[in-house]
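The values are calculated or read from the model by the stated rules, or taken from the named source; none is laboratory data. Since the structure is predicted, the reported quantities are computational estimates derived from the model, not experimental observations. Glycine gets a Cβ as well: all are built from the backbone with ideal geometry, and neighbour counts include every protein chain shown.
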Amino acid sequence: MSNITDLARQLGMALRDDERFKAVEKARDVFDSDLDLQKVIGEYEANKQILQAEYQKEEKDQNVIRSVSERMKELYKTIVSNPHMEELNRVQEEMEKLVNEVNSIISFFLNGEQAGGCSEDKCASCGGHCHH
């Protein structure tokens, strides 16, 4: 095993140990155990399949398309406004920021630039946060 792959494994373990990752796992468990929310998501997915099937028909029933689309809009609003869904989205965004930051640091050492335009000769653009 190479030193690089060993370091990648250590990085992966460190990311899994990070509080942001743990928050995602906890929020996902709460999200998954919200049976009312899962029922709404199931209904949304069923309506999505109905709508897709209707669009594939040669002669589409516009009344079906309209009514199913309206129902899907209602279900979508219910899903995205659910506190468990909101929390899962929030903590996933935080985890994504961390992963993007890690990727940016790796990219800097591979090509001399971090996302946002930081490079060894343009350190002012990153505010000095690149630590090179």
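Look through SER107, SER81 and report the one residue that is of a type in the set (Ser, Thr, Tyr) and at pLDDT 95 or above.
Numbers: SER107 fails: at pLDDT 95 or above.
Answer to the check: SER81.
So, MET1, is that one assigned by TED's automatic domain parsing to the domain that holds GLU93, modelled with pLDDT under 95 and of a type outside the set (Val, Ile, Thr) or not? When the stated conditions are applied, MET1 passes them.
All of GLU54, GLU25 fail the test of being more than 22 Å from the chain's Cα centre (by Cα) and acidic (Asp, Glu), apart from GLU54.
Taken over the stretch 64-97, the residue count meeting the criterion of being more than 17 Å from the chain's Cα centre (by Cα), without any contact (Cβ under 8 Å) to a residue 24 or more places away in the chain and over 21 Å from SER33 (Cα atoms) is 9. Of all positions in the stretch 3-26, at least one carries a residue that is more than 30 Å from PHE109 (Cβ to Cβ) and part of a helix (DSSP H, G or I).
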